[in-house]
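*Asks:* Here you go, one structure.
The values are calculated or read from the model by the stated rules, or taken from the named source; none is laboratory data. The shown structure was predicted, so the numbers you read here are calculated from the model rather than taken from an experiment. Here the Cβ is made from the backbone with ideal geometry for all residues, glycine too, and neighbour counts use every protein chain on show. Note: accessible area is taken over every heavy atom of the protein model, side chains too, but ligands, DNA and RNA are not part of it. Shrake-Rupley method; radii C 1.70, N 1.55, O 1.52, S 1.80 Å.
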Amino acid sequence: MSDEMPTAMLRPLRIALLPGDGVGPEVTVEARKVLDAFDLDILWTELPWGSAYWHEHGTMMPAGAIDSLRAHDAVLMGAVGDPTVPDPEALWGLILKIRQELDLGLNVRPARLLEGVPCPLAGRGPADIDMVFVRENTEGEYAGVGGRVHRGHPAEVAIDTTVFTRFGCERAIRYAFRLARERRGVLTNATKSNASRYAYPFWDEVVDEVALEFPEVRVERVLVDALCARLISNPASVDVVVASNLFGDILTDLAAALQGGMGMAASANIGFQPGPGLFEPVHGSAPDIAGRGWANPSGAIWSAALMLEHLGLRSEAATVLAALESVCLAGPRTRDLGGEASTADVGDAVTAEVGRLLSQGQDAAVAGTELAVLI
Ligand code: GGG
């Protein structure tokens, strides 16, 4: 996000690996395997934080965790959440805390259907599903502002307040405009300003103000409910979407389904100042399949590609994506995509494909690979 020298110039690359809960360790080990196929000097630090840590220590992360993360170039994360830990405790003790305290104001989520991956929509294919969601990532409905009183009494009250600041909205919205300008020149603003009294009308105003800086981008204001329907009925009409924290969270699960399922979707949590970004598959911990070797590691591998791109390693990022595309086309495939392969089988295949592409000469091999994110 800055014009500074790419982090790739610094050696070794210090990557914090935060496998987390459920299937997180299974998918991140494959993403790490893929990156280790390059001749990159990566210093991995594995952090055992998450629900098991909570059971032992009463917190999801140790004191000083955020400062430890700051000492890295990037964080590669798996998933968070476990049925034995209250959800708000797990999320606010780890992922939401990291996003806020590292001020990772953007969550960029490409949703592209790769060749060979079955699409749940009849008659639709890769040409129809190629979008990027830009989600505001530190405030909105997940600002953490609110309270609960009179617990257990009939008068019990729970309040969560949506917080939109001009600062937080503007920076996410401006990034989305830049991305739209690089892509098809259309930005879809996911809003709900017909029913929201204050917050979304303000959000829309900020979109309209920032739009003045980008006369070449056409903005369309679409109510989030109508956008959900349109993602199903006419997904090809959607390219770059800018959304609040909650709407972005929900819309990107729908988009993940369109790109073949939660196992395919990747994300980059990035900030506007120097410091580590956090890269994680969109899926959660999937406790129902954890430990069985069934999870699809594609979202984690794609997230690792976004991480390389953010670190300035564009050619390596494109190689990972090209390798993932080849494996999606030719197999092996995990069972969510109709195959029988294990998580490790897919990781091994992508790693082998990276090796094959590298032996061909990286730049030639990845020519034409579309990096979806402008970072
Ligand atoms: N790898 C993503 C993950 O663990 N997600 C769990 C979750 O519910 N996250 C909420 C969010 O992304 O805001």
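*Asks:* If you place +1 on the Cβ of every Lys and Arg and -1 on the Cβ of every Asp and Glu, how big does the dipole about the Cα centre of the chain come out, in debye to the nearest 20?
*Replies:* Dipole about the Cα centre, nearest 20: 440 debye.
*Asks:* Nearest 500 deg cm²/dmol is fine: what mean residue ellipticity at 222 nm does the chain get from its DSSP H runs of n ≥ 4 alone, each adding -39,500 (n - 2.57), divided by its residue count?
*Replies:* Numbers: 13 runs with 145 residues, N = 375.
The helix contribution divided over the chain gives -12000 deg cm²/dmol.
*Asks:* From largest accessible area down, sort Asp82, Asp87, Asp239; use a 1.4 Å probe on the protein chains.
*Replies:* Asp87, Asp82, Asp239
*Asks:* Rank these by accessible area, largest first, 1.4 Å probe: Glu325, Glu30, Glu216. Walk me through the numbers on the way to the answer.
*Replies:* Values: Glu325 50, Glu30 10, Glu216 100 Å².
Putting Glu325, Glu30, Glu216 in descending order of accessible area: Glu216, Glu325, Glu30.
*Asks:* Something else about it: Explain nothing, just the number: dipole magnitude of region 193-350 about its Cα centre with +1 on each Lys and Arg Cβ and -1 on each Asp and Glu Cβ, in debye rounded to the nearest 20.
*Replies:* With Lys and Arg at +1 and Asp and Glu at -1, about 300 debye.
*Asks:* Go through Leu114, Val132, Gly78 and say which Cα lies farthest out towards the positive end of the charge dipole of the chain; charges sit on Cβ, +1 for Lys and Arg, -1 for Asp and Glu.
*Replies:* Val132
*Asks:* What number comes out for the charge environment of Ala90, summing +1 per Lys or Arg and -1 per Asp or Glu over other residues with Cβ under 13 Å away?
*Replies:* Here the count lands on -3.
*Asks:* Express as a percent, rounded to the nearest 5, the fraction of DSSP beta bridges in region 130-258 (both residues included) that run antiparallel.
*Replies:* Beta bridges within region 130-258, antiparallel portion: roughly 30 percent.
*Asks:* Given charges of +1 on the Cβ of Lys and Arg and -1 on the Cβ of Asp and Glu, with all other atoms neutral, how large is the dipole of region 130-258 about its Cα centre, in debye to the nearest 20?
*Replies:* 40 debye
*Asks:* Mind ranking Asp288, Asp103, Asp225 by accessible surface for me, highest first, 1.4 Å probe?
*Replies:* On the way: Asp288 115, Asp103 60, Asp225 80 Å².
My answer, sorted largest first, is Asp288, Asp225, Asp103.
*Asks:* Where the centre of each part is set by its Cα atoms, how far does region 178-201 sit from region 215-285, in angstrom?
*Replies:* 12 Å
*Asks:* Something else now. With helices defined as uninterrupted DSSP H runs, which ones in the chain have an alpha carbon span along their own long axis of at least 15 Å and mean Kyte-Doolittle hydropathy of at least 0.5?
*Replies:* Going by DSSP H runs, the hits are 245-258, 298-310, 314-330.
*Asks:* Among Glu280, Glu182, Glu136, which one shows the highest mean-square fluctuation when the chain is modelled as a Gaussian network with alpha-carbon springs under 10 Å?
*Replies:* Among Glu280, Glu182, Glu136, the largest GNM mean-square fluctuation belongs to Glu182.
*Asks:* Okay, moving on. Connecting C-alpha atoms closer than 10 Å in a GNM of the chain, tell me which of Val145, Val224, Val238 has the biggest fluctuation.
*Replies:* It is Val145.
*Asks:* Which one, Pro19, His55, Thr188, is farthest towards the positive end of the dipole of the chain when Lys and Arg carry +1 and Asp and Glu -1 on their Cβ?
*Replies:* Towards the positive end, the residue furthest out is Thr188.
*Asks:* If R₀ is 30 angstrom, what is the calculated FRET efficiency for the pair Val157 and Asp103, using the beta carbon separation as r and rounding to 0.05?
*Replies:* My answer for the efficiency is 0.45.
*Asks:* Please find, in a Gaussian network model of the chain (springs between Cα atoms separated by less than 10 Å), the residue of Ala236, Ala256, Ala195 whose mean-square fluctuation is greatest.
*Replies:* Ala195
*Asks:* When DSSP beta bridges are limited to those with both residues in the chain, what percentage is antiparallel, rounded to the nearest 5? Could the numbers behind the result be given before it?
*Replies:* On the way: 20 of 47 bridges.
Of those bridges, close to 45 percent are antiparallel.
*Asks:* Continuing with the same structure: Have a look at the DSSP beta bridges in region 1-157 and tell me what percent are antiparallel, nearest 5.
*Replies:* Just about 45 percent of them are antiparallel.
*Asks:* What full-extension length gain, to one decimal in nm, is calculated for Phe202 and Asp253 as 0.36 nm per residue of separation minus the Cα-Cα distance?
*Replies:* So the extension gain works out to 15.8 nm.
*Asks:* Round to a whole number: what % of the accessible area of region 130-258 belongs to carbon and sulfur, probe 1.4 Å?
*Replies:* 55 percent
*Asks:* May I ask you to evaluate 6.51 cos²θ - 1.76 cosθ + 1.60, the Karplus curve with θ = phi - 60°, for each residue of region 40-55 and list the ³J(HN,Hα) values in order in whole Hz, giving x for glycine and proline?
*Replies:* So the Karplus estimates, Gly and Pro as x, are 9, 8, 9, 9, 8, 10, 8, 10, x, 8, x, 6, 5, 4, 4, 5 Hz.
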